[in-house]
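The values are calculated or read from the model by the stated rules, or taken from the named source; none is laboratory data. Treat the numbers as computed from the prediction; the structure is a model and nothing was measured. Cβ placement follows ideal geometry from the backbone for every residue including glycine, while neighbour counts extend to all protein chains displayed.
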Amino acid sequence: MVLGSEQIVLNLQNVQQRISDAAKSAGRDPQKIKLVAVTKKQPVEVIRALPTDLVSILGENYVGDTQQKQEELGTCARLFQWHLIGTLQSRKTKYIPSLFSYMHSLDRLSIAKRLSKEFSQHQSRLSVLLQLNMANEPTKSGWFLDLEKPSTDILSEIDEVIHLPNLIVHGLMCMPPYSENPEDSRKYFIAMRKFQALFSRHFPDCDFSELSMGTSFDFEVAVQEGATYVRIGESIFGKRDLNV
């Protein structure tokens, strides 16, 4: 069921307040945390109704859906920044320059090379975050590293990504294993800060200041542990129909 615009605005205000409260509880500036409203599978009517004073970034998982939405929205699409937060198939890299300005989910070197080539042809650059597979889950993508003994091969791959001419690495992204208890995510978010420090030491010329972590069920814990982007869908738009 699609929520009405008034309820969505109330939910947005509630989420923003919760972000602010979580930041203050950890001695952080709430203005440093950016909300990504996850609009995957949401109709364009919902996007049109979003107040731009509360939302400026939309998170989408699927290239085809994003393309259709932007076409239907027309000039309204330009009111938002569009961030890719889902796994990208190799054959769809050619569409990214016209759809997205930011990618949270860069998960492998081969995709990075294809994206750099595509953006070179458009004479532009893509801002990216490197996705880490924190629990080495086979159903999730991303690099898996051991904090105690990080793989030299993977660090070498990441070095290649950093030096691709048409990508700009800004930090890291993760999706911890799902749990009903938000506190279960905290150890993964703490590990992300440690990886942030590790990468900053290994690659001192690269900026790793951004951490994209936290969804509807654990974003307050993520904010307390240093998230600069939180990706929130259900707490804003309600439960999604999984059959859609």
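Determine whether Ser20 is within 16 Å of Gly214 (Cα to Cα), crowded, with 17+ Cβ neighbours inside 10 Å and of a type in the set (S, T, N, Q).
no
Picking from Arg125, Arg114, Arg91, Arg78, which residue would you name as being touching a Ser or Thr at 6+ places or on another chain (Cβ under 7 Å) and basic (Lys, Arg)?
Only one candidate qualifies: Arg114.
Would the range 66-74 turn up any residue that is touching a strand residue (DSSP E or B) at 6+ places or on another chain (Cβ under 6 Å), in contact (Cβ under 8 Å) with a residue 24 or more places away in the chain, crowded, with 16+ Cβ neighbours inside 10 Å and farther than 24 Å from Phe217 by Cα?
Yes: one or more hits.
Report every pair of residues separated by at least 6 positions or lying on different chains whose Cβ atoms are under 7 Å apart, first residue within the range 111-137 and in a loop (DSSP other than H, G, I, E, B), second surrounded by fewer than 23 Cβ atoms within 10 Å (Cβ to Cβ) and β-branched (Val, Ile, Thr).
Arg125/Ile168
Just one of (1) within 20 Å of the chain's Cα centre (by Cα); (2) on the phi < 0 side of the Ramachandran plot trips up Ser5, so point out which.
The one condition Ser5 does not meet is (1).
Somewhere in the range 124-139, is a residue more than 23 Å from Glu234 (Cα to Cα), modelled with pLDDT of 95 or more, over 13 Å from the mean Cα position of the chain (by Cα) and not small (Gly, Ala, Ser)?
Taking every residue of the range 124-139 in turn, at least one turns out to be more than 23 Å from Glu234 (Cα to Cα), modelled with pLDDT of 95 or more, over 13 Å from the mean Cα position of the chain (by Cα) and not small (Gly, Ala, Ser).
With the condition being hydrophobic (A, V, I, L, M, F, W, C), surrounded by fewer than 18 Cβ atoms within 10 Å (Cβ to Cβ) and in contact with a strand residue (DSSP E or B) (Cβ under 7 Å, 6 or more places away or on another chain), I'd like the helices (runs of 4 or more DSSP H) fully within the range 143-244 carrying at least 1 qualifying residues. Walk me through how you get there before you give the answer.
Working: elements: 152-162, 186-202, 219-224, 234-237.
Qualifying helices (runs of 4 or more DSSP H): 152-162.
Between a residue in the range 165-186 that is farther than 17 Å from Val223 by Cβ and any residue that is of a type in the set (Lys, Arg), which pairs come within a Cβ distance under 9 Å, given they are 6 or more apart or on different chains?
Between residues of the range 165-186 that are farther than 17 Å from Val223 by Cβ and residues that are of a type in the set (Lys, Arg), the close pairs are Pro165/Arg125; Asn166/Lys117; Asn166/Arg125; Leu167/Arg125; Ile168/Arg125; Pro177/Lys140.
Quick one: which residue in Ser120, Ser101, Ser90, Ser110 is of a type in the set (Gly, Ala, Ser), surrounded by fewer than 17 Cβ atoms within 10 Å (Cβ to Cβ), on the phi < 0 side of the Ramachandran plot and in contact with a strand residue (DSSP E or B) (Cβ under 9 Å, 6 or more places away or on another chain)?
Only one candidate qualifies: Ser101.
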